[in-house]
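A.B. asks: There's a structure below that I have some questions on.
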Amino acid sequence: MRGAALALAVLVAACSGGQPKLARLAPDAVVLAFGDSLTAGVGANPGESYPARLETLIGRKVMSSGVPGETSAAGLARLPAALDEAKPQLVILCEGGNDFLQKLDEAQAASNVRAMVRLAQSRGAQVVLIAVPKPGLLPSPADFYAAIAKELAVPNEENALKKILTDNSLKSDLVHPNAAGYARLAEAVAALLRKTGAV
């Protein structure tokens, strides 16, 4: 019987692309999109940010809480008040990019992101991570996003920003998407939410 349970768990993981499952969001659920300029939508008009697009795609209220230039340490300090205000069922966390740009300690960034995930979970919210690529010739996300996602059993969108930020037609500058890029990010997050059962 134990083997059958294990096989089922493997099958479920395979069907969700290896991503942990999420509880379905209530129709009146609030989703908190929390992060830096990538969440704020720098490089596009206000209605073209990924949280604004995501709200339309998933049919749930998405509160955007993005602060341009924010480091993961500042995000960790700001998150409790944002959780108190939004009372979200789900937090979509996109932090770390400014740590990379400012060449801050990557281990500290990982610690801050981990603490943010744990804080949201302790308040009863589910969490989805958006992995931010490190700048460079071939940008790719820092390894800690996948490690934290595995450790704390949260879905991790690790490909969308990497693809967007290596395609000049989807960027407004070196580190920000344009309207088309944010639309692509929203579609990737919505697909992940569908795949994991949240919507």
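The values are calculated or read from the model by the stated rules, or taken from the named source; none is laboratory data. The structure displayed is predicted, hence computed values, not measured ones. Cβ coordinates were reconstructed from backbone atoms using ideal geometry, including for glycine residues, and neighbour counts include every protein chain displayed.
A.B. asks: Kindly provide the set of residues from region 148-159 that are crowded, with 18+ Cβ neighbours inside 10 Å and in a helix (DSSP H, G or I), ordered by number.
C.D. replies: The answer is ILE148, ALA149.
A.B. asks: Scan region 60-91 for residues that are without any contact (Cβ under 8 Å) to a residue 24 or more places away in the chain and farther than 22 Å from ASP105 by Cα and report the count.
C.D. replies: Initially, region 60-91 is screened for residues without any contact (Cβ under 8 Å) to a residue 24 or more places away in the chain, giving 74, 77-78, 81, 84-85.
Among the residues that remain, those that are also farther than 22 Å from ASP105 by Cα are: 81, 84-85.
Final tally of qualifying residues: 3.
A.B. asks: For region 38-71, give me each residue that is more than 13 Å from the chain's Cα centre (by Cα) and of a type in the set (Ser, Thr, Tyr).
C.D. replies: SER49, THR56, THR71, listed by residue number.
A.B. asks: Consider GLY97 against the criteria (1) crowded, with 23+ Cβ neighbours inside 10 Å; (2) closer than 29 Å to ARG24 by Cβ; (3) touching a strand residue (DSSP E or B) at 6+ places or on another chain (Cβ under 9 Å): it satisfies all of them except one. Which criterion is unmet?
C.D. replies: (2)
A.B. asks: Using the structure shown, decide if ILE148 is at pLDDT 95 or above, hydrophobic (A, V, I, L, M, F, W, C) and within 27 Å of GLY59 (Cβ to Cβ). It would help to see each step written out before you state the result.
C.D. replies: Numbers: at pLDDT 95 or above: yes; hydrophobic (A, V, I, L, M, F, W, C): yes; within 27 Å of GLY59 (Cβ to Cβ): no.
So ILE148 does not fit the description; no.
A.B. asks: Right, here's the next one. Looking only at region 160-196, which residues are part of a loop (DSSP other than H, G, I, E, B) and surrounded by fewer than 17 Cβ atoms within 10 Å (Cβ to Cβ)? Working first, answer last.
C.D. replies: Within region 160-196, the first condition is being part of a loop (DSSP other than H, G, I, E, B), and the residues that meet it are 165-167, 172-176, 178, 196.
Across region 160-196, the qualifying residues are THR166, ASP167, SER172, ASP173, LEU174.
A.B. asks: Mind counting the residues in region 170-194 that are under 15 Å from the mean Cα position of the chain (by Cα) and hydrophobic (A, V, I, L, M, F, W, C)?
C.D. replies: 9
A.B. asks: Pull out all pairs, ordered by first then second residue, where Cβ-Cβ is under 8 Å, the residues are six or more apart or on different chains, the first lies in region 42-59 and is surrounded by fewer than 18 Cβ atoms within 10 Å (Cβ to Cβ), and the second is part of a loop (DSSP other than H, G, I, E, B).
C.D. replies: From region 42-59, the pairs are GLY59/PRO27; GLY59/VAL199.
A.B. asks: Determine which member of the set VAL199, VAL189, VAL175 is at pLDDT below 95 and among the β-branched types (Val, Ile, Thr). Lay out the reasoning, then the answer.
C.D. replies: Values: VAL199 fails: at pLDDT below 95; VAL189 fails: at pLDDT below 95.
Answer to the selection: VAL175.
A.B. asks: When residues of region 26-64 are filtered for being in a loop (DSSP other than H, G, I, E, B) and among the small types (Gly, Ala, Ser), how many remain? Explain how you work it out, then say what you get.
C.D. replies: Kept after step one, since they are in a loop (DSSP other than H, G, I, E, B), are these residues of region 26-64: 26-29, 36, 41-45, 49, 59-60.
From what is left, the residues that are among the small types (Gly, Ala, Ser) are 26, 29, 41, 43-44, 49, 59.
Of the residues in that region, 7 qualify.
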